[in-house]
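J.: Handing you this structure, nothing more for now.
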Number of protein chains: 2
Amino acid sequence: MANHQIRSGDNPDLTKERKSGNFNTEDLAAFLYGSRERVLRRREISKIVDSNPDLVNAVPLEFLSREKRMGVQMKKTSKLMSKIFDIADVSDQDEMTHLISEVFGTDGFPLAIHSIAFVPVIQGQGHQELVEELLPRAMKLEIIGTYAQTEMGHGTNLRELETTATYDKNTEEFILHTPTRSSMKWWPGNMGKTANYTTVTAQLMIDGKNYGPHNFVLQLRDEKDHRPLPGITVGDIGSKMGLPSIDNGFLALDRVRIPRTRMLMKYSKVAPDGTYTPPIHSKLSYGSMVYIRAHMIYLLALNLSSAVTIATRYSAIRRQGRIEQDLPEVQVLDYQTQQYRIFPQIARAYAHLFVGKEVLELYNKTMEGLDKGETDLLPDLHAVTCGLKSVVSFSSALASEQCRMSCGGHGYSEASGLPKLYTTIVAGCTYEGENMVMLQQAARYLMKCHKHAVRGEPLSYSVEFLGKRGESRSRIGMNEGNFEKEIENLFLAFEHVARRVIADASQLLEKRIHFGESKEQAWNGVTVEMNRAARIYTRLFIGRSFHRKVMSSPSTVRPVLTDLLSLYLHYECVDMASHLLHDGYCSGEQINYLKKRLYEDLAKIRPNAVSLVDSFDHSDRQLNSVLGRRDGNVYEALFQWAKSSELNYTDVLPAFGHLQKMMEENRAKM
Amino acid sequence: MANHQIRSGDNPDLTKERKSGNFNTEDLAAFLYGSRERVLRRREISKIVDSNPDLVNAVPLEFLSREKRMGVQMKKTSKLMSKIFDIADVSDQDEMTHLISEVFGTDGFPLAIHSIAFVPVIQGQGHQELVEELLPRAMKLEIIGTYAQTEMGHGTNLRELETTATYDKNTEEFILHTPTRSSMKWWPGNMGKTANYTTVTAQLMIDGKNYGPHNFVLQLRDEKDHRPLPGITVGDIGSKMGLPSIDNGFLALDRVRIPRTRMLMKYSKVAPDGTYTPPIHSKLSYGSMVYIRAHMIYLLALNLSSAVTIATRYSAIRRQGRIEQDLPEVQVLDYQTQQYRIFPQIARAYAHLFVGKEVLELYNKTMEGLDKGETDLLPDLHAVTCGLKSVVSFSSALASEQCRMSCGGHGYSEASGLPKLYTTIVAGCTYEGENMVMLQQAARYLMKCHKHAVRGEPLSYSVEFLGKRGESRSRIGMNEGNFEKEIENLFLAFEHVARRVIADASQLLEKRIHFGESKEQAWNGVTVEMNRAARIYTRLFIGRSFHRKVMSSPSTVRPVLTDLLSLYLHYECVDMASHLLHDGYCSGEQINYLKKRLYEDLAKIRPNAVSLVDSFDHSDRQLNSVLGRRDGNVYEALFQWAKSSELNYTDVLPAFGHLQKMMEENRAKM
């Protein structure tokens, strides 16, 4: 039994908590990150960053203007890139994720879109000539690119993009043009002030005919002086809820000419004479979307794990109020309401980290299959990632706000690091496919699979439960003492609900069509129920994934992970109580039993809470939180942080003169 | 049928929506704000602000540093105060609320705490001599005060405050002292840089004995040069999730001496010789807390009404995707998921505005009663406001985020005004009594009333339902066509659930005590269920209040308000489905029926949605939102807004030099 975060000089309440944990945090960290070696590599990387003043913020970014913040991030980028090969294996995604997080936090990395979109798109969609010309330059960072698709007036529905790329046969050029205000490209990350190249998604027009949206490469700014090139209006779209260091940008194009070969022509082609060749498969760019979403789930989970680390540690050192009047003030972590706010979020953070990793593995497996011509795993993976993208982003956002609010007033201060975690996480509900749209995509898949199930046809792994015949009454509460059976009862309940909600949604849809609505109208009339179905399907998938992971965990950490899984499932089932009760599958007594178990789970987690979050092994710099410090010495640090506030540079703000004058005049009045 | 917001030049989609409304928006506005005259006064005040360049922001505050923002707000304050008597009736709360909102938005008013805390506390708790000395100076704004109670390490639990006021008989002075870091006063609004006076809550120490927390007045800064006085360390606590223009402050005191007469001695007294006289009643400051919370509910409701105005108008002009493939892109307001996201929040905004007003009236009635020695209304009002403070703040926060997310990417931009509304609203979950604590206070009252009910004793108005004997099966779905009966069925269901959840919580508590836990331990073991009970009780109160208001509305607006009430109640009941099903009170079919009605309500609201939000009559300046503009001409305005971004002052950011150099070096490499 050991917690590796114990040091002398720490807040004694935290040390007490760390000693009460009944498992080895190093073992759990190793299980989380893949191996003991990976954990050590993480720490090595953190240590290198530590010892490089060039890579560390001199003052808290919270006190800087957006321009100064961006300056800090740009400077760190140039320093980091000059020595990155000495620090990390750039081909190892885990190492890079950790390194970027250590240096840039959640605040934004100037080369983010360059790395996750510009380079992969050139690579994946460019024809050989273009790839040879641009890819080495992009990889060597001679240029910085971004990806311009979304327009001010057009998001999800690419077919309606207004930007045009009109082919001019005579000069063998495309003319890129944004004809209206609403057609301005809007939102591309790092576009405003950083990138000098971009891909542009535009309607391909040849001889007056629209061939639909295609991608082109455009140089935005002069490579020497970084000024926008003629015909190009580019800038920052202004401040946002979060991500202050990111220059999301706008782009207006006034008949900008580019050579024909700047179209990305791996799949679709335009010959010099204007002859258009369509792609052989229409969904070949599918994979990269799935990949970005899968990766996103893991990043969201990491952010949530930071939030729960902060809330749990702070709740261990914060003493407030009494439970028994003749005893001293208690750690707020002893309040049931506090445990109920935080512990389910710890469970969620683990569940999301596990499912994030699993989906990344599924992605790799599916891609290997694709290379061999096996496409059957793709629709399932697509539905799973759509559902996960939506469920994980929204539930993580709510979870991180519960963590923040559990820290009382100090949670509202940027010193806690929690406001920024929320604004970063919640953005994930909107980008890379708005959640409502994502859920509907998953629901469409479920409707298809429901039909397969009814016809007794084979079902893919994520929807196998649709083919099962469950019992009509739950056995919840009837196997007390037999943990394996109890867990299976919870999954059976989950599956029962998922099956029924999917079948009900399908029936509602059919009924509307039967009564004369068009398919599309009918769908729109049942989308709320469709989205419910997609959510439950996704939550079942997360639960199953958590269970698989616990079953494969080493014996030293399995007991604590089992407690966490138990809490997770009881919480989920209580949350689904209305569905469980709906058709008499569960009784009210069974729901009461689930609640009782849930409250018992909270008490069981209590002594392990701090060790569970310590196992995430986040460094203080990553957490960027006065409240979540490893050493728990919060109050002195809070004062030191506040002293740096830009408002404290002078005792008297120059602008106070206005109020000073007002008071003086009032005093002079009779 | 008329919508008063129609003008030529507006976005045609918005005009179409305004024409489709089937009620007069002026009538609804008059009902909302009390009378036609009040609506006109609001507009007069808005017009005066409009015509005063001194009172209007020259550039969007979003693009300014905190220091510059505060400068703008301070300057506007001095200008406003010099002519405030010409603009509004300063004794009329509605007029003042509207005026402050027009000039300062949600961004923060430098005299906020001075007006809502410093002045009332001096007035309510000061002895005559002190009141005569300070009140005129405070009212005339010769000085600016704040209220220092919360400490860095101590919030809700006043008995644990560490700041001391030690009486020195020899000099007839108190020595104010903050002995530790955690005892520093932390969070008082406008304290950091603005106030020169404050009240200080400190443990009163006489001859080594602690008489508990009492209030004192302390001068913080020199009246001439505004420098902190000797022994006083004061400053800004740093940036927060929201409220950037507010200088929440810290205060450390190093044995600062103040005259004995600076203690607020209306109730408790310390004689020159150190003799202490305790107050006659211990809860006399009770009222002001209740008042602040009641007022807070109304302000939260106003903020939510802004959020729904923005989301609804934008959803009417935003076109994206198709429902029928051969028709043009649809207004996103036509999607069921969008309606489900936004319309319940419109209903909520109305419900909260109504209940906010009702509670303010109840407060006045209760205070009148108190003057006549009638104290029986007070506990009920206290429980109601505790519950409302918690339920309204949290549900409004979630609601405003749903509004924000329904605006897609643009909702994340500060141009939408929605991020600021969320960060302002959500702060209400924490200040003026943390929500979990508030709910427990309401729950303790409910436990008491439950006992009264069991014994057949009389019950106060908010808990009358506890004394009713309901039916064991709901009649939901059995009175289709009879609207009055249907509504009553919903309330009966609500009451049934509230009664049962309260009784269950009480039983759980008793059981734990029966099995040997102390009262306090037992309470802590059931607080999650207690909070559930308090929430349902509060939600029932809101629903009943909404119903009362609809019943008293003029016939011209009653139909649309009735639709909104129907939506509100169906939404609430579907949300409570697990409770309705728990004991077989409702069947699954009845829940399906509720859902069906809910979806029908969405369709019924659809043509009135824009007119419903137009009736809030918020000016464009109040909304401070590019997306929510009255005229709906969003896209051009979005570009104009973005152009003001501080990052667009130069084409090339000076800091870009770091990346420029990096690229140049990379290009030079072989």
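The values are calculated or read from the model by the stated rules, or taken from the named source; none is laboratory data. Worth saying up front: this structure is predicted, and the values here are computed from it rather than measured. Glycine gets a Cβ as well: all are built from the backbone with ideal geometry, and neighbour counts include every protein chain shown. When the accessible area is computed, the model is the full protein with side chains, heavy atoms only, and any ligands, DNA or RNA have been set aside. Shrake-Rupley method; radii C 1.70, N 1.55, O 1.52, S 1.80 Å.
J.: So which trypsin sites (Lys or Arg not before Pro) in the stretch B:1-41 are both in a DSSP loop and have at most 15 other Cβ atoms within 10 Å of their Cβ?
T.: When the trypsin sites (Lys or Arg not before Pro) of the stretch B:1-41 are filtered for loop state and at most 15 Cβ neighbours within 10 Å, B:ARG7 remain.
J.: Between B:GLY235 and residues 5 or more places away or on another chain, which pairs have amide H atoms under 5 Å apart, with H built 1.01 Å from N, and which residues are they?
T.: Under 5 Å from the amide H of B:GLY235 lie the amide H atoms of B:PHE250, each far enough along the sequence or on another chain.
J.: Another question about this same structure. Given a 1.4 Å probe, show me the residues in the stretch B:247-266 buried by at least 20 Å² of accessible surface when comparing the whole protein assembly to the chain alone.
T.: B:PHE250
J.: Once you have the Cα-Cα distance between B:ILE100 and B:HIS4, take 0.36 nm times their residue separation minus that, and quote the gain in nm to one decimal.
T.: Going from the current span to full extension adds 32.2 nm.
J.: Let me ask something additional. Given a Förster distance of 30 Å, report the FRET efficiency between B:LEU360 and B:ILE280 from their Cβ-Cβ distance, rounded to the nearest 0.05.
T.: About 0.60, to the nearest 0.05.
J.: Here is a further query. Placing the label point 7 Å from Cα along the Cα-to-Cβ direction, what are the distances from B:GLN507 to the equivalent spots in the other copies, shortest first, in nm to one decimal?
T.: 3.2
J.: Going Cα to Cα from B:LYS269, which lysines come in below 30 Å? Please leave out same-chain ones fewer than 8 positions away.
T.: The qualifying lysines are B:LYS140, B:LYS169, B:LYS185, B:LYS209, B:LYS283, B:LYS372.
J.: On to the next question. How well do other chains shield peptide B:130-143, expressed as the mean number of their Cβ atoms within 10 Å of each residue Cβ?
T.: Taking the mean over all residues of the peptide, I get 2.
J.: Need one number: the % of Cα-Cα pairs in the stretch A:21-171 sitting beyond the 24 Å mark.
T.: So the portion of pairs separated by more than 24 Å is 52 percent.
J.: Measure off, as a whole percent, the carbon and sulfur share of the 1.4 Å-probe accessible area of the stretch B:615-670, all protein chains present.
T.: 54
J.: Once you charge only the Cβ atoms, +1 for Lys and Arg and -1 for Asp and Glu, what is the size of the charge dipole of the protein assembly as shown about its Cα centre, to the nearest 20 debye? Write down the numbers at each step before the final one.
T.: Numbers: 164 positive and 160 negative charges, 126 e Å.
Here the protein assembly as shown has a charge dipole of around 600 debye.
J.: Using a 1.4 Å probe over the heavy atoms of the protein chains, calculate the carbon and sulfur portion of the accessible area of the stretch B:1-147 as a whole percent.
T.: 55
J.: Between B:ARG548 and B:ASP326, what is the spin-label point distance in nm, taking each point 7 Å from the Cα along the Cα→C-beta axis?
T.: The two pseudo-label positions are separated by 5.6 nm.
J.: Based on the mean of other beta carbon atoms within 10 Å per residue, what is the order of B:57-68, B:268-279, B:103-114, most packed first?
T.: B:103-114, B:57-68, B:268-279
J.: Something else about it: Using a 7 Å offset from Cα along Cα-Cβ at B:ARG159, what residues in the stretch B:406-444 end up with backbone N under 20 Å from the label point?
T.: B:433-434, B:436-444
J.: Charges only on Cβ, +1 for Lys and Arg, -1 for Asp and Glu: so what's the dipole of the stretch A:419-458 about the Cα centre, in debye to the nearest 20?
T.: 160
J.: Using a 10 Å cut-off on Cβ to Cβ distances, tally the other chain neighbours for every residue of A:543-554 and report the average as a whole number.
T.: Numbers: counts 0, 0, 0, 0, 0, 0, 0, 0, 0, 0, 0, 0.
Mean partner-chain Cβ count within 10 Å for A:543-554: 0.
J.: Structure shown: which of A:LYS643/B:LYS193; A:LYS83/A:LYS389; A:LYS669/B:LYS75; A:LYS68/B:LYS661; B:LYS16/B:LYS604 lie over 24 Å apart, alpha-carbon to alpha-carbon?
T.: Pairs exceeding the cut-off: A:LYS83/A:LYS389.
J.: In the stretch A:103-122, whose amide N lies under 14 Å from the spot 7 Å out along Cα-to-Cβ of A:ILE48? List them in ranges.
T.: A:103, by backbone N distance to the label point.
J.: Give the accessible surface of the stretch B:1-133 per residue, rounded to a whole number of Å², with probe radius 1.4 Å and ligands, DNA and RNA excluded.
T.: Result: 44 Å² of accessible area for each residue.
J.: Hey, what D do you get for chain B in µm²/s if you plug the Kirkwood alpha-carbon radius into Stokes-Einstein at 37 °C and 0.692 mPa s? Don't jump to the answer; show the numbers that get you there.
T.: Details: Rh = 27.5 Å.
So the translational diffusion coefficient is about 119 µm²/s.
J.: With the other protein chains left in place, how much accessible area per residue, in square angstrom, belongs to the stretch B:411-482 at a 1.4 angstrom probe?
T.: For the stretch B:411-482, the solvent-accessible area averages 45 Å² per residue.
J.: Can you give the charge dipole size of chain B about its Cα centre, rounded to the nearest 20 debye, using +1 on the beta carbon of Lys and Arg and -1 on the beta carbon of Asp and Glu?
T.: 540
J.: Sticking with this one: Check A:HIS4: other-chain or 5+ apart residues with amide H under 5 Å from its amide H, H built from backbone geometry?
T.: A:THR25, A:GLU26
J.: Here is a follow-up. Rg to Rh for the protein assembly as shown: what is it, with Cα atoms only and Rh by Kirkwood?
T.: Numbers: Rg = 31.2 Å, Rh = 32.9 Å.
We get a ratio of 0.95 for the protein assembly as shown.
J.: I need the inter-copy label distances for A:LEU327: point set 7 Å along Cα to C-beta, values in nm with one decimal, smallest first.
T.: 6.4
J.: Which whole number gives the average, over all residues in B:79-91, of C-beta atoms from other chains lying within 10 Å of the residue C-beta? Let's see the in-between values first.
T.: Details: counts 2, 1, 5, 3, 0, 0, 0, 0, 0, 0, 0, 0, 0.
That average works out to 1.
J.: If the cut-off is a Cα-Cα distance under 17 Å, which aspartates and glutamates reach B:LYS468, setting aside same-chain residues fewer than 8 apart in sequence?
T.: Qualifying aspartates and glutamates at Cα under 17 Å: B:GLU457, B:GLU488, B:GLU495, B:ASP504.
J.: Can you list which of the DSSP-assigned H helices in chain A have a Cα extent of 20 Å or more along the long axis and an average Kyte-Doolittle score of at least 0.5? Numbers along the way, then the final one.
T.: Numbers: long enough: A:36-50 (21 Å, -1.10); A:66-87 (30 Å, -0.74); A:286-317 (48 Å, 0.89); A:336-371 (52 Å, -0.38); A:378-406 (41 Å, 0.46); A:435-454 (28 Å, -0.05); A:483-514 (46 Å, -0.12); A:527-551 (36 Å, -0.25); A:558-575 (25 Å, 0.33); A:588-605 (26 Å, -0.81).
Qualifying helices: A:286-317.
J.: Another question about this same structure. In the neighborhood of B:ASP13, defined by Cβ-to-Cβ distances under 12 Å, what is the net charge if each Lys or Arg adds +1 and each Asp or Glu adds -1?
T.: +1
J.: If one takes the accessible area of chain B alone plus chain A alone and subtracts that of the pair, with a 1.4 Å probe, what total in Å², rounded to the nearest 100, results?
T.: Its buried surface, counting both partners, is about 11700 Å².
J.: Pull up all non-local amide H partners of A:LEU204: gap of 5 or more, or a different chain, and H-to-H distance under 5 Å with H placed in the peptide plane.
T.: Here A:ALA165, A:TYR211, A:GLY212, A:HIS214 satisfy the definition.
J.: So which residues in the stretch B:566-592 end up with at least 20 square angstrom less accessible surface once the other protein chains are there, compared with the chain by itself, probe 1.4 angstrom?
T.: With the partner chains in place, the stretch B:566-592 has these residues losing at least 20 Å²: B:SER578, B:LEU581, B:HIS582, B:GLY588, B:ASN592.
J.: Heavy-atom accessible area of A:MET289 with all protein chains present, probe 1.4 Å, nearest 10 Å²?
T.: Answer for A:MET289: close to 70 Å² accessible.
J.: Stokes-Einstein at 10 °C, 1.306 mPa s, Kirkwood radius from Cα pairs: D for the stretch B:114-277 in µm² s⁻¹? Please list the in-between numbers first.
T.: Working: Rh = 15.8 Å.
Answer from the Stokes-Einstein relation: 100 µm²/s.
J.: I need the GluC sites (Glu not before Pro) found in the stretch A:118-220, filtered to DSSP loop residues with at most 16 other beta carbons within 10 Å of theirs.
T.: Here the GluC sites (Glu not before Pro) that fit, given the DSSP loop and packing criteria, are A:GLU172.
J.: Expressed as a whole number of Å, what is the distance separating the alpha-carbon centroids of the stretch B:470-487 and the stretch B:587-629?
T.: What the calculation gives is 24 Å, centre to centre.
J.: Next question. What's the FRET efficiency of B:LYS209 with A:VAL652 using the Cβ-Cβ distance as r and R₀ = 35 Å, to the nearest 0.05?
T.: Calculated transfer efficiency: 0.35.
J.: Which aspartates and glutamates have a Cα lying under 15 Å from the Cα of A:LYS224, excluding residues fewer than 8 positions away in the same chain?
T.: A:GLU142, B:ASP651, B:GLU664, B:GLU665
J.: Taking the stretch A:367-421 as the region of interest, what is the percent of Cα-Cα pairs per 10 angstrom bin, listed from the shortest bin to the one with the maximum distance?
T.: For the stretch A:367-421, the binned pair fractions read 22, 27, 18, 17, 13, 3 percent.
J.: Between B:SER552 and the same site in the other copies, what are the distances in nm, shortest first, taking label points 7 Å from Cα along the C-beta direction?
T.: 6.4
J.: Here is a follow-up. Could you work out how far apart the two model spin labels at A:ALA603 and B:LYS485 are, taking each label as a point 7 Å from the Cα in the direction of the beta carbon, and quote it in nm?
T.: About 4.9 nm separates the two model spin labels.
J.: Which residues, if any, in the stretch A:328-364 lose at least 20 square angstrom of accessible heavy-atom surface (probe 1.4 Å) when the other protein chains sit next to their chain rather than the chain being alone?
T.: Output list: A:GLU329, A:GLN336, A:THR337, A:TYR340, A:ARG341.
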